[in-house]
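Trainee: Okay, handing you the structure first.
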Amino acid sequence: MQPPLVRESHSVALVGPTSPSQNAEPTIGQPLPACVEAALWHGDQLGGAVAEVLGSGFPSFDAVLPGGGWPCGVLTEVLVSQFSIVELRLLSPVLAKLTQAGRTVVLVGPALAPHPPGLRHDGVDERFLVWVDVDTPRDRLWATEQLVKAGSAGAIVAWLPLVRAEQIRRLQVLAAHCKGPVFLCRPESAARDSSAAPLRVLARIQTDWQITVEVLKRKGPPLEGPLQLLSIPGGLNTIMTPRLRYPSRLVPQVFPQEPAHAVDSVVAAASVRKRSAAEPQS
Amino acid sequence: MLLPPPCASDPPLSPSPDALRAVAIWALQFTPRVTVSEDAVLMEVESSTRLFKGKRALRDRVVAEAAELGVAKVSWATTSLAAHALARANIENGFKKPLPSLLDGLPMECLSAVRPHLTTLAQIGCRTIGDVRALPRGGLSRRFDKQLLQSLDQAYGNAPEAHVWEVLPDTFSAKFELGFRVEHAPALLQGARRLLLQMCGWLAARHAGVTAFTLRWWHDSMRSKDAGEGGAITVGTADPTRDIEHLCRLLAEHLSKVELLAPVGDLELSADTVHDQAGSNGSLLPDPVHDGESLHLVLERMAARLGPDAVKRCVNLEDHRPEWMAHWQPAAEPLPRKAKPSTELPQPTWMLAKPLKLAVRNHRPVYQGELQLLAGPDRIEEGWWDRDEATGESRHVVRDYWLAESKHAGLLWIFQAKLDDGAAWFLHGIFG
């Protein structure tokens, strides 16, 4: 059984680069053996895990991430339209898992103050949470770089509204020694710029407790269309009623308008008066 | 026996006893057998080579650290007098050739015992130690003193050597006169590093770590009248450490905030709080946890630069008012062992520092579009006993909290409060 397998894999490796036309249809003639098929990476497939990955807590999202989760030891960009409305809804499952395992999560320069009772509802243990309260872009970058360089934090979540591409590249090089994932939260406008981060996702909020996630960049083919994820903030489960489950059905299409009590234009007032005078006649 | 005698300071000037003593204290971390002899510090390191991972590793470390301490030359030989002579002749390795052939070629003034008789010996045609050694022993002992023959024998290893070993002091305090006047505080680090290196050596010899140390500086005599004598900073760390790199970085962060009133001439470093700290166990397998800088060291360094309040950890308090539910304290302060219980009612993940008053349109609160109230009210009425001491304001809170959804701003935690002029809506948190 063994010798033919070896011979065939040799023939694939030699023929492939010399005649590109055979690349297009590799299975014509004889099908590839299973072990060769497994070792081959096709350009249209999702890349495998380079380092350790951590499950994101959303099975459908894990399925589209290379390796099946958030990668450790590289940068991950989370692009949002406004800070602190969606990042933690996407990240809190992985942060919860890390803090429960006793790993420290460091938040660098979030726009608002973290509220531990709320985080605890999401499963994040606040004893393993460190908040680095920095404001200027320089301090944010410095603090992030120090943490990434040391690489000993369970996870680093840094809010970097103003950062240049070469600074991201520098962080990406340093992140190779990092044991945990490094999330950079950046504004949505950064999606147009190139970035050295191997994984970039764009998160938006939706109604009905959903968030949409678009994978802008990953190892593998670009993901078509956004992904809908159900993310109910922790603690709201206890008060969730069937009626509350779909808030979109509660929203009236047009908010009831108040009747106008006063008319301030002379011309308009005259027309209103004329109309009200005409009405009893008709 | 392996003896490196670091000749302290520059060769033309004889080093001061204080400088030699400082080098000796640093050297005590390598071996307990350290002695000061004339212008050199001698240590016997044969028995410590295994602890410091072999002769080459030990030699590299001694040479690198000695250079920072201002040691002019480090030499190695099997006897202390031979090592001393080699250092004077600027030869490092006394193991390259057999010792007698190395020593024979050295100028005779390298040996201290020759120096009183230098003229006489030169006049009878001696140039090297080998020439002196070749003279008949009987004549040597009759015409010169006992010292000469004895130290020749000791240098060649034919007679035993005896030394008075240095004793490690109980407390550490070292002074250093800077080579030039320093006007900017960060530049003090160069001199302070030398003192820190000594302190780390002293700590390693005592198997201890430091949690607080003080750096003092004295302005030079040409200062202006209002500048004062000098200043001091005390640097603290959370865990005992004797890691020179960490202490240096920590001191650098503190020094970057100091402004010197006058040029500084002298430095003094003292270890204030010292705790026992065992050395790390050598491991056969590489330990994956310790290859980076550990997290608390990074946080400590960040707190030193950004201020202690910038790096925070949280303690939950048992209060129903959201502002006082959590207390953020500097990361260096200890946390309670057990997590305190917290409320079971829904709470947002982000809080605004100060509630934001919302506009009202059609009797509905507005924040980036009309808000849809989803759940509520959650009435918080508490704190009538609480009062802000500084401003005298009451912290009594009467609020109805609602969960609201905005099309653009997500899930919000808003409240309605009674004011003097009717009710008003405030945004207080975000479920993000």
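The values are calculated or read from the model by the stated rules, or taken from the named source; none is laboratory data. Only a predicted model underlies this, so the values are computations on that prediction, with no experimental measurement involved. Because the Cβ atoms are built from the backbone with ideal geometry, glycine has one as well, and the counts that use them run over all protein chains shown. Only protein heavy atoms, including side chains, enter the accessible area calculation; ligands, DNA and RNA are left aside. Shrake-Rupley method; radii C 1.70, N 1.55, O 1.52, S 1.80 Å.
Trainee: Look through the range A:77-118, keep the residues that are among the small types (G, A, S) and in a helix (DSSP H, G or I), and return whichever of them is farthest from the other protein chains (Cβ to nearest Cβ).
Mentor: The residue in question is A:A96.
Trainee: For the subset of the range A:223-238 comprising residues that are open to solvent by less than 60 Å² (accessible area, probe 1.4 Å) and outside any loop (DSSP other than H, G, I, E, B), which member is farthest from the other protein chains (Cβ to nearest Cβ)?
Mentor: Per the stated criteria, the residue is A:L227.
Trainee: Applying the selection to the range B:153-200, what residues are in a loop (DSSP other than H, G, I, E, B), free of Cβ contacts under 8 Å to residues at least 40 places away in the same chain, under 27 Å from B:Q29 (Cβ atoms) and not aliphatic (A, V, I, L, M)?
Mentor: Across the range B:153-200, the qualifying residues are B:P160, B:D170.
Trainee: Could I ask something else about it? Look through B:R387, B:R379, B:R399, B:R361 and report the one residue that is basic (K, R), buried (at least 17 other Cβ atoms within 10 Å of the Cβ) and free of Cβ contacts under 8 Å to residues at least 40 places away in the same chain.
Mentor: Among B:R387, B:R379, B:R399, B:R361, only B:R399 is basic (K, R), buried (at least 17 other Cβ atoms within 10 Å of the Cβ) and free of Cβ contacts under 8 Å to residues at least 40 places away in the same chain.
Trainee: With the checklist (1) open to solvent by less than 40 Å² (accessible area, probe 1.4 Å); (2) touching a Gly at 6+ places or on another chain (Cβ under 9 Å); (3) free of Cβ contacts under 8 Å to residues at least 60 places away in the same chain; (4) more than 14 Å from chain B (Cβ to nearest Cβ) in hand, flag the one item A:G220 doesn't pass.
Mentor: Result: A:G220 fails condition (3) only.
Trainee: Restrict the check to the range B:84-91 and report whether at least one residue is among the β-branched types (V, I, T) and free of Cβ contacts under 8 Å to residues at least 40 places away in the same chain.
Mentor: For the range B:84-91, residues among the β-branched types (V, I, T) and free of Cβ contacts under 8 Å to residues at least 40 places away in the same chain: present.
Trainee: Does the range B:101-137 hold any residues that are of a type in the set (D, E, K, R), farther than 20 Å from B:K73 by Cβ and in a helix (DSSP H, G or I), and which are they?
Mentor: Residues satisfying the conditions are B:D104, B:D131, B:R133, B:R137.
Trainee: Using the structure shown, decide if A:L147 is part of a helix (DSSP H, G or I) and buried (at least 21 other Cβ atoms within 10 Å of the Cβ).
Mentor: Yes.
Trainee: Here's another thing I want to ask about it. Tell me yes or no: at least one residue of the range A:256-273 is closer than 21 Å to B:E405 by Cα and modelled with pLDDT under 65.
Mentor: yes
Trainee: Determine whether the range B:419-428 contains at least one residue that is within 14 Å of another protein chain (Cβ to nearest Cβ) and touching a strand residue (DSSP E or B) at 6+ places or on another chain (Cβ under 9 Å).
Mentor: yes
Trainee: Next question. I need the strands (runs of 3 or more DSSP E) fully contained in the range B:323-395, keeping only those with at least 3 residues that are more than 48 Å from the chain's Cα centre (by Cα).
Mentor: B:359-361, B:364-366, B:372-382
Trainee: Which pairs have Cβ atoms under 6 Å, sit 6 or more apart or on different chains, and link a residue in the range A:140-164 that is free of Cβ contacts under 8 Å to residues at least 12 places away in the same chain and within 7 Å of another protein chain (Cβ to nearest Cβ) to one that is surrounded by fewer than 20 Cβ atoms within 10 Å (Cβ to Cβ) and of a type outside the set (D, E)?
Mentor: Cβ pairs passing all conditions: A:A150/B:G292.
Every residue, every condition in (1) more than 11 Å from chain A (Cβ to nearest Cβ); (2) farther than 17 Å from A:L129 by Cβ; (3) not acidic (D, E), yes or no:
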site	(1), (2), (3)
B:L335	no, no, yes
B:K357	yes, yes, yes
B:Q368	no, yes, yes
B:Y401	yes, yes, yes
B:H408	no, yes, yes
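Trainee: For the range B:324-333, how many residues meet the condition of being facing chain A (nearest Cβ under 10 Å) and either touching a residue at least 24 places away in the same chain (Cβ under 8 Å) or open to solvent by 80 Å² or more (accessible area, probe 1.4 Å) (or both)?
Mentor: 2
Trainee: Then there is this: Quick one: how many residues across the range B:307-318 are of a type in the set (D, E) and more than 10 Å from every other protein chain (Cβ to nearest Cβ)?
Mentor: Within the range B:307-318, residues that are of a type in the set (D, E) and more than 10 Å from every other protein chain (Cβ to nearest Cβ) number 1.
Trainee: Within the range B:93-114, can you find the residues that are among the charged types (D, E, K, R) and touching a residue at least 24 places away in the same chain (Cβ under 8 Å)?
Mentor: Result: B:D104, single match.
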